[in-house]
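S.K.: Sending over a structure as structure tokens; questions will come in a sec.
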2 protein chains.
Amino acid sequence: MTDGPASTVGDAGERALIARLSARLAPPPPWVLVDVGDDAAVLDPGRGQVGVVTTDALVEGVHFRRDWTAPDAIGHKALAVNLSDLAAMGAAPRAALLSLALPADLPLGEFDGLLDGFLALARETGTPLVGGNIARSPGPLVLDVTALGAATRRRVLRRAGGRPGDELYVTGRLGAAAAGLRLREAGRAPAGEAERECLDRYERPMARLRFGVAIGRSGTAAAAVDLSDGLADAARQLAAAGSLGVALDAGRVPIHPGAASASPADDGLQLALAGGEDYELLFAVRARRRSRFLAAARRFQTIGITRVGRLLSETGAWLERDGVREPLPEGFSHFEAGRPAGRPWTRNASDI
Amino acid sequence: MTDGPASTVGDAGERALIARLSARLAPPPPWVLVDVGDDAAVLDPGRGQVGVVTTDALVEGVHFRRDWTAPDAIGHKALAVNLSDLAAMGAAPRAALLSLALPADLPLGEFDGLLDGFLALARETGTPLVGGNIARSPGPLVLDVTALGAATRRRVLRRAGGRPGDELYVTGRLGAAAAGLRLREAGRAPAGEAERECLDRYERPMARLRFGVAIGRSGTAAAAVDLSDGLADAARQLAAAGSLGVALDAGRVPIHPGAASASPADDGLQLALAGGEDYELLFAVRARRRSRFLAAARRFQTIGITRVGRLLSETGAWLERDGVREPLPEGFSHFEAGRPAGRPWTRNASDI
């Protein structure tokens with residue numbers, strides 16, 4: 001099949017787009033009882049499992065720029081940010097839905113690229129695409145993804161559940177995605193391995209799915225959240241969900257070397273705390289479960305785990321540096337112009 | 001709380017929007033184990049139930065115009081079109097997610113109106129809003145909804161399942177929504193009860209949820225689809241899903257009186273066949289199950305049910321009129337400019 005006379009999604013028309021999509025789908029796994037092609041998809045929830053469901057959108061001009069980012073990276077990221085939310089719940093992915101609003105002048109090659117990036121990550125993570133929607137957009141390209149997962153009811157990792165004295169552990173090294181965004185903003189090609197990794201983290205984040213599921217199943221964490229909005233925001237979320245306070249230890253924050261070199265004045269600390277989009281996980285762990293938690297975490301040798309702080313009985317969010325407390329920086333505020341991330345609804349203590 | 005200096009969603013900022021939303025939420029039903037405020041929602045799938053999931057979007061300038069339609073009608077419709085897909089599967093609603101892309105200049109009053117319309121229908125149908133996303137849009141207002149339902153595995157109503165000779169039954173009277181859209185296009189106030197009803201059907205469609213669930217549970221229908229794209233398209237979908245043909249009887253199509261008066265030349269037949277957006281249901285029923293099917297259907301006395309045609313062993317879609325066959329008109333093609341409906345992915349026989 002060639003593109004023939006149709007070179008944009010508007011020329012191709014809806015049925016041709018659906019055909020291009022359907023042709024790319026792998027056969028579904030056995031728990032998908034009805035997939036693409038009916039009024040709705042039907043999923044076997046799994047014996048003794050509860051359903052976990054989340055949605056997150058990428059909007060052109062807000063969360064990505066088409067002139068900066070390859071189409072397959074956009075498709076990848078649209079799924080990855082949702083899988084990160086499943087990981088933070090300790091849920092294994094079961095399926096995804098993709099709702100596209102497409103500008104009529106979107107080249108067909110970019111449409112294919114979006115799908116290819118989305119579906120490559122879907123295959124890699126065992127997340128079959130079971131349905132969605134294609135609509136025309138008179139404005140930006142919008143990718144709205146719903147991810148569905150499964151977990152054992154008593155092993156779901158909530159944000160609430162932390163207690164005063166719980167230790168906070170974070171995966172990976174932080175600030176890489178924010179440093180990658182800076183590279184893109186500067187229009188500069190990455191120099192060296194650390195910068196290449198930063199760009200890759202920004203454009204092709206990898207949700208810590210297997211890590212989140214393993215910790216969930218181990219029953220060793222009291223609470224968890226992902227770092228879509230940065231470590232400072234994640235720490236605040238864990239604290240707020242338990243009506244607690246939080247203190248992070250500035251000297252312990254694991255900073256990605258690319259973030260440190262992007263912001264040498266503070267060795268990348270601000271990028272690591274508030275840069276966002278790292279899609280790492282933050283766990284609250286009772287001190288008495290520490291060794292079992294670390295044993296479960298260390299099965300993932302390529303993903304570091306670092307103790308970065310603790311929950312406090314009194315509300316307030318602090319950064320401790322050389323024994324001195326200062327207020328913890330804010331994370332992103334996402335509705336304002338030009339910020340690179342969206343935010344699922346959260347019901348903070350202050351919002352009720 | 002007053003709007004104070006903030007009069008648009010851009011002024012109010014994201015946290016204030018989330019607070020306005022959270023304040024409107026009713027306490028969740030017992031099957032919602034985790035609702036708004038965590039990384040994802042958690043749902044009890046229900047004993048012996050399978051999960052049914054669908055997504056559909058409304059895009060400003062494509063599916064609605066803000067200068068034509070009240071905000072609460074837009075919010076209502078965004079949920080209703082998804083519930084219609086659940087109804088067509090015979091699935092009872094369990095939860096919904098709402099992902100919003102909001103222009104910064106959207107007045108706060110309109111934001112509230114969107115939520116109020118959505119949440120009123122959510123309450124009425126027992127569909128708790130358990131999560132979502134708020135993002136900024138540099139272009140149109142976009143409402144992307146995911147609806148989750150539950151059904152007994154063997155009672156799910158698929159599109160496939162029809163056989164040659166099956167009788168086709170449709171709920172309600174058709175063409176009303178298309179006639180309502182014409183009223184809006186003409187900028188004319190509705191005159192009389194029939195026109196008022198048409199406008200209402202266009203702006204506040206009601207999914208046939210209880211009807212679909214009751215027929216599903218009765219086990220008397222072989223297949224079902226909803227009429228988002230009109231009767232002709234729905235009939236084609238049922239036929240294609242079983243690699244069959246279909247014939248509709250022109251004299252039996254139940255035409256809404258408002259459609260008949262909007263298009264007197266053909267008594268509204270074309271609006272009823274191809275107008276779309278009626279969100280009624282079409283069922284394929286084996287002749288030997290007819291009386292049990294009708295007994296189940298007639299428990300809903302306010303919703304008429306009409307036999308409109310039958311499935312054929314040879315492919316092809318026909319309209320029979322006074323004993324003469326002509327090709328069945330096409331329904332909407334939704335990707336083209338200005339058409340009022342979106343289309344979930346369908347995998348037609350011709351698309352594979």
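S.K.: So A:ARG310 ticks every box in (1) part of a strand (DSSP E or B); (2) within 14 Å of chain B (Cβ to nearest Cβ); (3) open to solvent by 20 Å² or more (accessible area, probe 1.4 Å) but one. Which box is left unticked?
M.R.: Condition not satisfied by A:ARG310: (2).
S.K.: In the range A:191-210, what residues are within 14 Å of chain B (Cβ to nearest Cβ) and open to solvent by less than 30 Å² (accessible area, probe 1.4 Å)? Show your work before the answer.
M.R.: Within the range A:191-210, the first condition is being within 14 Å of chain B (Cβ to nearest Cβ), and the residues that meet it are A:207-209.
A:ALA207, A:LEU209, listed by residue number.
S.K.: Do you know which residues across the range B:281-295 are of a type outside the set (Lys, Arg) and touching a Phe, Trp or Tyr at 6+ places or on another chain (Cβ under 9 Å)?
M.R.: Of everything in the range B:281-295, those that are of a type outside the set (Lys, Arg) and touching a Phe, Trp or Tyr at 6+ places or on another chain (Cβ under 9 Å) turn out to be B:LEU281, B:LEU282, B:PHE283, B:ALA284, B:VAL285, B:PHE293, B:LEU294.
S.K.: From the list B:ALA240, B:ALA262, exactly one residue is modelled with pLDDT of 95 or more and hydrophobic (A, V, I, L, M, F, W, C). Which is it?
M.R.: B:ALA240 is the lone residue from the list that is modelled with pLDDT of 95 or more and hydrophobic (A, V, I, L, M, F, W, C).
S.K.: Take the residues in the range A:54-77 that are part of a loop (DSSP other than H, G, I, E, B) and more than 10 Å from chain B (Cβ to nearest Cβ), then tell me which one is least open to solvent (accessible area, probe 1.4 Å).
M.R.: Ranking the qualifying residues of the range A:54-77, first place goes to A:THR69.
S.K.: Now, a different point. Of everything in the range B:252-270, what is in contact (Cβ under 8 Å) with a residue 40 or more places away in the chain and farther than 14 Å from B:LEU231 by Cβ? Give them in sequence order.
M.R.: Hits for the range B:252-270 are B:PRO257, B:GLY258, B:ALA260, B:SER261, B:ALA262, B:SER263.
S.K.: Of the conditions (1) charged (D, E, K, R); (2) modelled with pLDDT of 95 or more; (3) over 30 Å from A:LEU43 (Cβ atoms); (4) in contact with a strand residue (DSSP E or B) (Cβ under 7 Å, 6 or more places away or on another chain), B:ASP116 clears all except one; give me its number.
M.R.: Here B:ASP116 clears every test but (4).
S.K.: Report the residue count in the range B:249-274 for those that are outside any helix (DSSP H, G or I) and within 25 Å of B:ARG182 (Cα to Cα).
M.R.: 7
S.K.: For the range B:125-148, which positions are hydrophobic (A, V, I, L, M, F, W, C), more than 7 Å from every other protein chain (Cβ to nearest Cβ) and open to solvent by 10 Å² or more (accessible area, probe 1.4 Å)?
M.R.: B:LEU129
S.K.: When you check B:ARG94 against the structure, is it among the charged types (D, E, K, R), within 24 Å of the chain's Cα centre (by Cα) and surrounded by fewer than 19 Cβ atoms within 10 Å (Cβ to Cβ), yes or no?
M.R.: No: the conditions fail for B:ARG94.
S.K.: With respect to B:VAL225, determine if the residue is open to solvent by 10 Å² or more (accessible area, probe 1.4 Å), within 19 Å of the chain's Cα centre (by Cα), of a type in the set (A, V, I, L, M, F, W, C) and closer than 24 Å to B:ALA147 by Cα. Working first, answer last.
M.R.: Working: open to solvent by 10 Å² or more (accessible area, probe 1.4 Å): no; within 19 Å of the chain's Cα centre (by Cα): yes; of a type in the set (A, V, I, L, M, F, W, C): yes; closer than 24 Å to B:ALA147 by Cα: yes.
No; evaluated as a whole, the condition is false for this residue.
S.K.: Evaluate the range B:80-90: report whether one residue or more is buried (at least 23 other Cβ atoms within 10 Å of the Cβ), more than 12 Å from chain A (Cβ to nearest Cβ), out of contact with any Gly (no Cβ under 7 Å at 6 or more places or on another chain) and of a type outside the set (S, T, N, Q). Lay out the reasoning, then the answer.
M.R.: To start, the set of residues in the range B:80-90 that are buried (at least 23 other Cβ atoms within 10 Å of the Cβ) comprises B:80-90.
Among the residues that remain, those that are also more than 12 Å from chain A (Cβ to nearest Cβ) are: B:80.
Then drop every residue that is not out of contact with any Gly (no Cβ under 7 Å at 6 or more places or on another chain), which leaves B:80.
Narrowing the set further to residues that are of a type outside the set (S, T, N, Q) leaves B:80.
Yes, the range B:80-90 contains at least one residue that is buried (at least 23 other Cβ atoms within 10 Å of the Cβ), more than 12 Å from chain A (Cβ to nearest Cβ), out of contact with any Gly (no Cβ under 7 Å at 6 or more places or on another chain) and of a type outside the set (S, T, N, Q).
S.K.: Those residues that are crowded, with 17+ Cβ neighbours inside 10 Å and either part of a loop (DSSP other than H, G, I, E, B) or more than 20 Å from the chain's Cα centre (by Cα) (or both), I need them from the range A:294-307; list them, please.
M.R.: Scanning the range A:294-307 gives A:ALA296, A:ILE303.
S.K.: Can you tell me which residue in the range A:275-293 is surrounded by the most Cβ atoms within 10 Å (Cβ to Cβ), limited to those that are in a helix (DSSP H, G or I) and touching a residue at least 60 places away in the same chain (Cβ under 8 Å)?
M.R.: First pass over the range A:275-293, keeping only residues in a helix (DSSP H, G or I): A:287-293.
Right, trim to touching a residue at least 60 places away in the same chain (Cβ under 8 Å) and you get A:287, A:289-290, A:292-293.
Numbers: A:ALA287: 10, A:ARG289: 17, A:ARG290: 15, A:ARG292: 15, A:PHE293: 21.
In this case the residue turns out to be A:PHE293.
S.K.: Looking at (1) surrounded by fewer than 24 Cβ atoms within 10 Å (Cβ to Cβ); (2) part of a strand (DSSP E or B), which one does B:ALA101 not meet, given that it meets all the others?
M.R.: (1)
S.K.: On to the next question. Identify the residue in the range B:228-241 that is more than 12 Å from chain A (Cβ to nearest Cβ) and small (Gly, Ala, Ser) and, among all such residues, is surrounded by the fewest Cβ atoms within 10 Å (Cβ to Cβ).
M.R.: Among those that are more than 12 Å from chain A (Cβ to nearest Cβ) and small (Gly, Ala, Ser), it is B:ALA232.
S.K.: Give the range B:34-53 a look and list any residue that's buried (at least 24 other Cβ atoms within 10 Å of the Cβ) and either more than 7 Å from chain A (Cβ to nearest Cβ) or not in a strand (DSSP E or B) (or both), or say none.
M.R.: B:GLY37, B:ASP39, B:ALA40
S.K.: List pairs: first residue in the range A:155-170 and part of a loop (DSSP other than H, G, I, E, B), second residue among the polar types (S, T, N, Q) anywhere in the structure, Cβ distance under 7 angstrom, at least six positions apart or on different chains.
M.R.: Partner pairs satisfying both residue conditions: A:ARG159/A:GLN237; A:PRO164/A:SER313.
The values are calculated or read from the model by the stated rules, or taken from the named source; none is laboratory data. Bear in mind that the values here come from a model prediction, so they are computed numbers and not experimental data. FYI the Cβ positions are ideal-geometry reconstructions off the backbone, even for glycines, and counts take in every protein chain you see. Side chains included, ligands, DNA and RNA excluded: accessible areas come from the protein's heavy atoms. Shrake-Rupley method; radii C 1.70, N 1.55, O 1.52, S 1.80 Å.
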